[in-house]
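Everything on this sheet refers to the single structure shown next.
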Protein chains: 8
Amino acid sequence: MPDPSWSVYLSGEIHSDWRERIQSGAESAGLQVEFLSPVTDHAASDDAGTDILGAEQNAFWHDHKSAKINAIRTRTLIERADLVVVRFGDKYRQWNAAFDAGYAAALGVPLVTLHDPEITHALKEVDGAALAVAETPEQIVRILEYVIEGRL
Amino acid sequence: MPDPSWSVYLSGEIHSDWRERIQSGAESAGLQVEFLSPVTDHAASDDAGTDILGAEQNAFWHDHKSAKINAIRTRTLIERADLVVVRFGDKYRQWNAAFDAGYAAALGVPLVTLHDPEITHALKEVDGAALAVAETPEQIVRILEYVIEGRL
Amino acid sequence: MPDPSWSVYLSGEIHSDWRERIQSGAESAGLQVEFLSPVTDHAASDDAGTDILGAEQNAFWHDHKSAKINAIRTRTLIERADLVVVRFGDKYRQWNAAFDAGYAAALGVPLVTLHDPEITHALKEVDGAALAVAETPEQIVRILEYVIEGRL
Amino acid sequence: MPDPSWSVYLSGEIHSDWRERIQSGAESAGLQVEFLSPVTDHAASDDAGTDILGAEQNAFWHDHKSAKINAIRTRTLIERADLVVVRFGDKYRQWNAAFDAGYAAALGVPLVTLHDPEITHALKEVDGAALAVAETPEQIVRILEYVIEGRL
Amino acid sequence: MPDPSWSVYLSGEIHSDWRERIQSGAESAGLQVEFLSPVTDHAASDDAGTDILGAEQNAFWHDHKSAKINAIRTRTLIERADLVVVRFGDKYRQWNAAFDAGYAAALGVPLVTLHDPEITHALKEVDGAALAVAETPEQIVRILEYVIEGRL
Amino acid sequence: MPDPSWSVYLSGEIHSDWRERIQSGAESAGLQVEFLSPVTDHAASDDAGTDILGAEQNAFWHDHKSAKINAIRTRTLIERADLVVVRFGDKYRQWNAAFDAGYAAALGVPLVTLHDPEITHALKEVDGAALAVAETPEQIVRILEYVIEGRL
Amino acid sequence: MPDPSWSVYLSGEIHSDWRERIQSGAESAGLQVEFLSPVTDHAASDDAGTDILGAEQNAFWHDHKSAKINAIRTRTLIERADLVVVRFGDKYRQWNAAFDAGYAAALGVPLVTLHDPEITHALKEVDGAALAVAETPEQIVRILEYVIEGRL
Amino acid sequence: MPDPSWSVYLSGEIHSDWRERIQSGAESAGLQVEFLSPVTDHAASDDAGTDILGAEQNAFWHDHKSAKINAIRTRTLIERADLVVVRFGDKYRQWNAAFDAGYAAALGVPLVTLHDPEITHALKEVDGAALAVAETPEQIVRILEYVIEGRL
């Protein structure tokens, strides 16, 4: 029974190699998955707005211009996704990750979260909207293998 | 007049060969149909959650974890489908089959049911939402051949 | 902080007094809730179609006519509801209850199930889509009191 | 020109009196506003699930049960709102606040954020989706007065 | 159990008293129904466009101007309706009635048709989308009484 | 500037060669158009239901079964279409054509009608919802050539 | 036949008394209409953002802050409206009026334009999306009287 | 990480080479972009309606026929687009450009504007709905390169 390819958006933490581990795991498993993500180069995502459209003296508008250009990418790709995986790391506030989770939930796109158990309580509302709560990228790969190919 | 391929989701009973009969019949008829389905391995669909994400002592949460991972697959594929066929067997409660029928109906995805006439009365609300009520897989194949290719 | 009234649809089993217990409990708690339900007179819901529109010799069409008239009511009221509570009893197949649950889930209307723990496994996919799984009508009243008035 | 009343959802931080200041300000200004909010009693929102539906040994499921019951209230009220105001305080991770912001944005409900300028950079993606970024509850009241009554 | 009022749109044939019979029947039955309809004064609905906005020499544009002003009313009211009843008489082509039926069906508004059995075959596609096919206004009243009040 | 292919649904009259003229015209013009249509074999569309699912004594249900199976095809293809062309001939009531026009209009799919000027007045509400009113299949081909390729 | 009240949004030109003429005309005709509009005080709508949220040195951001606060009002009210009337005057570019017209059209809210015939050609795409094109406020009143009360 | 191709609709001014500069820039950058646009031949877009469907004596209907045929193309392509870029030149009223911007905003399609800073104030409501405001076609190319490929 031929299952078509899936699009999976990988949102959140950008300081570890979790995206690469999911992608290489999916490749090893022979899955037809198109992985989507925000721009994960921190400096680029901070400065895209002013670099392209001109400098701002005010820090708020500097941030604002970049945030909106990033939104062109992130909203378009989240809306294309069959599944959104949101990774929360131990550091930083990562409000954009939680924002993406809420965005996906409201669109009805299935949501999976990925984080250490230490931060479970703070994430309870986000996890409550998720269809799975994983702790490792390898679990994400297994979820993909199961939902796409039916292999456990 | 070139008709493009259709996606057909086959929901429900997993103890007989009705899916295979529909698929081989569609193949014999030369239809361009992509068949989609839930994971039909009963043990796998019962244990996917705990097998991937860790064991649960409480039976409710054991079931819950698997049900939600199954939902990633089933909801995504029902939303992709042009047509949902729901098969009710003579045994078991099969509430997930009726749930899928309601889900498809609310999305406006055309619904066809497949069951023996003995259970017609119990299924009257579900059949009332269906565009066809069939008794055999071969009738499903003929419906597909008619709606896709116009051949009676 | 004034909270407006809620509409709550009570779907499913019609052989016990669970609806009355929820309604009287909500009244005692002083909640502003409009309760909606299908026609719970079994004979009426079986015969509405033929009684109004004329007899049918064929049992299938007898059922079909009634099911569709019932659907005018049930779909309209489920779409109006802020919350759908679905009760599964121990007897009967109750496919219409599971159908309503799927219908509510696909519309994004919050879903709560109400059933004995004995049938948990058979209901795992339905419970997986629910925001709460209760065992007694009194728990439903407490959920309403909490979500509407914030009182625990 | 008669302007009808507005529903405004106040999401986020629960440790200061910002909601009361907005509500009393709106009342002083004579605005027809229905204010909606999550349950702001921290203990209640942590324990609602187990208090009503039974204790859990596992902390994750304790949180999960409460989070989902809270979701019945928060999603229903956000969907009713004409405007969502999200307040971020200086402490805690407040991922549920950012989740609500993403949820409102995806639904197309106008979003206003309320926070100190010190956390602007961390909130840039959320602020990028907002139609106004305020620093004080009094600014929120003035926004309401302007958009509802046209008074500056 | 308090059932709120329903809005029912009465589309189609304008040369008999079927609307009045339904309305007086609903009143006698004590139903809370708001009945909506197109402008049923034939001359007015033909000439509204040119009478208000200026004469047209070309018959096509004369018709076009009126049709569009009628559409302001009909589409708005069909979208408000909980139920659309479409009456087909024995004469005239009544394409606007069938158009309204298709419009309601695509919006997911429950549809009931009302016509003599003589024209059943020609109406089979329209009846196929309806939740009831009635022959008399009195049957429509009984359907309303049943779906609103649960009385058979 | 590469324009992708369009899907065009051809609804309505089945007794003349208008579909073939549009298709051959589009082919001559080198347009990338996928043409979709209902089953245009009159006998097949009348009998599909009973031929596949079993005979009915009652003429109403004979029609009903076929109408619903036809609806699987017609609604699916109208929802896929970028443009719906509805042809009204001089004979027959053609309520299904007007139904399809209303269905397309409610979905927001652009609508074009094709008919002789003699029946303009009876079609004024349908034409009022159309983005073009053509008299010949060749005009439809020119519309396609213009909207797809920009060639006048 | 009781027709409920309508909400009518009056967008566009703010330098003449066209809104007042429509409102007083509707009042004289005894129509139940709730009229909605943007803030029509030019200075207020230019400065709302900076007046409430703080001054900006850069003219672009000065405008931007006000435009977004205006959008809270205008989008909310357009989405509430049953009908949007857009007035184009002879002066100024009035891009916000055309923007509102496009916004209403995409939402499927019926659109009526109001302008002098001299600017018809420049407005042809906007008029092409309108269900009526009026030249005087009195014609708008007559349209309202007709579509709400059926009086010509 | 493979990013799929994007569809970008280029709306607005037709008297300069801005579309060509964006397209050639995107090609040089190796971007997978499908560019869509209205018919940019001014005479063709003015006369398409009458040229295909027959002459009109009245200038209003001449314009109307063409505007509606243009709408078949523009609305279909805007709905297909991942991003809509709207260019405002220094001359002409360009109400159709602002209409397209409002149309895209209401659909939730990301919007970018392109215009000289001289007309910023008049465009403030339109710019307020945009995710970027550019001054040159080369900035648009850089935005595309960033949002599609992540390259700054």
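Picking from E:30, E:53, E:18, whose Cα lies most toward the positive end of the charge dipole for region E:18-65 (charges on Cβ: Lys, Arg +1; Asp, Glu -1)?
Towards the positive end, the residue furthest out is E:30.
Would you mind checking which residues have amide H under 5 Å from residue A:89's amide H? H placed 1.01 Å from N; only 5 or more apart, or other chain.
The list, which skips near neighbours in sequence, is A:13.
For the modelled label position 7 Å from the Cα of residue B:15 along Cα-to-Cβ, which residues of region C:91-116 have backbone nitrogen atoms closer than 16 Å?
Counting backbone N atoms under 16 Å from the label point, the list is C:93.
Sequence-distant or interchain residues sharing an amide H contact under 5 Å with residue D:132, placed H: which?
Long-range HN contacts for residue D:132: D:113.
Using the Cα gyration tensor of region F:57-107, with a ≥ b ≥ c the square roots of its eigenvalues, what is the shape: rounded (a/c below 1.5), prolate (a/b larger than b/c) or oblate (neither)?
Working: a/c = 2.84, a/b = 1.40, b/c = 2.03.
It is oblate, given that a/c is not under 1.5 and a/b is not larger than b/c.
Which one, D:36, D:107, D:83, has the greatest fluctuation when you compute a Gaussian network model over chain D with C-alpha springs under 10 angstrom?
Comparing D:36, D:107, D:83 in a Gaussian network model of chain D, the most mobile one is D:107.
Accessible area per residue of the protein assembly as shown at 1.4 Å probe, in Å²?
I get 35 Å² per residue for this part.
Please list E:136, B:113 in order of solvent-accessible area, largest first, computed with a 1.4 Å probe with all protein chains present. Can you show the working numbers first?
Details: E:136 50, B:113 0 Å².
Largest to smallest exposure gives the sequence E:136, B:113.
Classify chain A from the C-alpha gyration tensor, please: rounded if a/c falls under 1.5, else prolate or oblate depending on whether a/b exceeds b/c.
Working: a/c = 2.04, a/b = 1.62, b/c = 1.26.
The shape class here is prolate.
With point charges of +1 on the Cβ of Lys and Arg and -1 on the Cβ of Asp and Glu, referenced to the Cα centre of region D:66-115, which listed residue (D:112, D:66, D:96) lies farthest in the positive direction of the dipole?
So the residue furthest toward the plus end is D:66.
Treat every Asp and Glu Cβ in region A:1-131 as -1 and every Lys and Arg Cβ as +1, leave all other atoms uncharged, and give the resulting dipole magnitude about the Cα centre to the nearest 20 debye.
On the way: 11 positive and 20 negative charges, 57 e Å.
Here region A:1-131 has a charge dipole of around 280 debye.
Evaluate peptide F:130-137: per residue, the Cβ atoms of other protein chains within 10 Å of its Cβ; return the mean as an integer.
4
Assign unit charges at the C-beta atoms only (+1 for Lys and Arg, -1 for Asp and Glu), then state the dipole size of the protein assembly as shown relative to its Cα centre in Debye, rounded to the nearest 20. List each step's numbers first, then the result.
On the way: 104 positive and 192 negative charges, 1 e Å.
Dipole size: approximately 0 debye.
I'd like the interface area for chains B and C: accessible area of each alone minus the complex, both sides summed, 1.4 Å probe, protein heavy atoms only. What is it in Å² to the nearest 100? Intermediate values should be presented prior to the final figure.
Numbers: alone 9190 and 9190 Å², together 15160 Å².
When B and C are taken together, about 3200 Å² of accessible area is lost.
Using the Karplus equation 6.51 cos²θ - 1.76 cosθ + 1.60 (θ = phi - 60°), what ³J(HN,Hα) coupling, rounded to whole Hz, does each residue of region F:122-134 give in order, writing x for Gly and Pro?
Listing the rounded values in order: 5, 9, 4, 5, 5, 4, x, 8, 8, 8, 7, 10, 10 Hz.
Which whole DSSP H helices in chain E pass both tests: a Cα extent of 24 Å or more along the axis and a mean Kyte-Doolittle value no lower than -1.0? Working shown, then result.
Working: long enough: E:59-80 (32 Å, -0.72).
Those that pass (Cα extent of 24 Å or more, hydropathy at least -1.0) are E:59-80.
Check which residues have an amide H placed less than 5 Å from residue B:36's amide H, if you skip close sequence neighbours.
B:8, B:9, B:10
Please state the charge dipole magnitude for region A:62-144, taken about the Cα centre, from unit charges on C-beta atoms (+1 on K and R, -1 on D and E), reported in debye and rounded to the nearest 20.
440
Quick one: pull the percent of accessible area on region D:1-129 belonging to carbon and sulfur, 1.4 Å probe, ligands and nucleic acids left out. It would help to have the intermediate numbers written out before the result.
On the way: 2080 of 4490 Å².
Roughly 46 percent of what the probe reaches on region D:1-129 is carbon or sulfur.
The values are calculated or read from the model by the stated rules, or taken from the named source; none is laboratory data. Nothing here was measured: the structure is a model prediction, and the numbers come from that model. Glycine also receives a Cβ, built like all others from the backbone with ideal geometry; neighbour counts cover every protein chain displayed. Accessible surface is based on the protein model in full, side chains and every heavy atom, while ligands, DNA and RNA are left aside. Shrake-Rupley method; radii C 1.70, N 1.55, O 1.52, S 1.80 Å.
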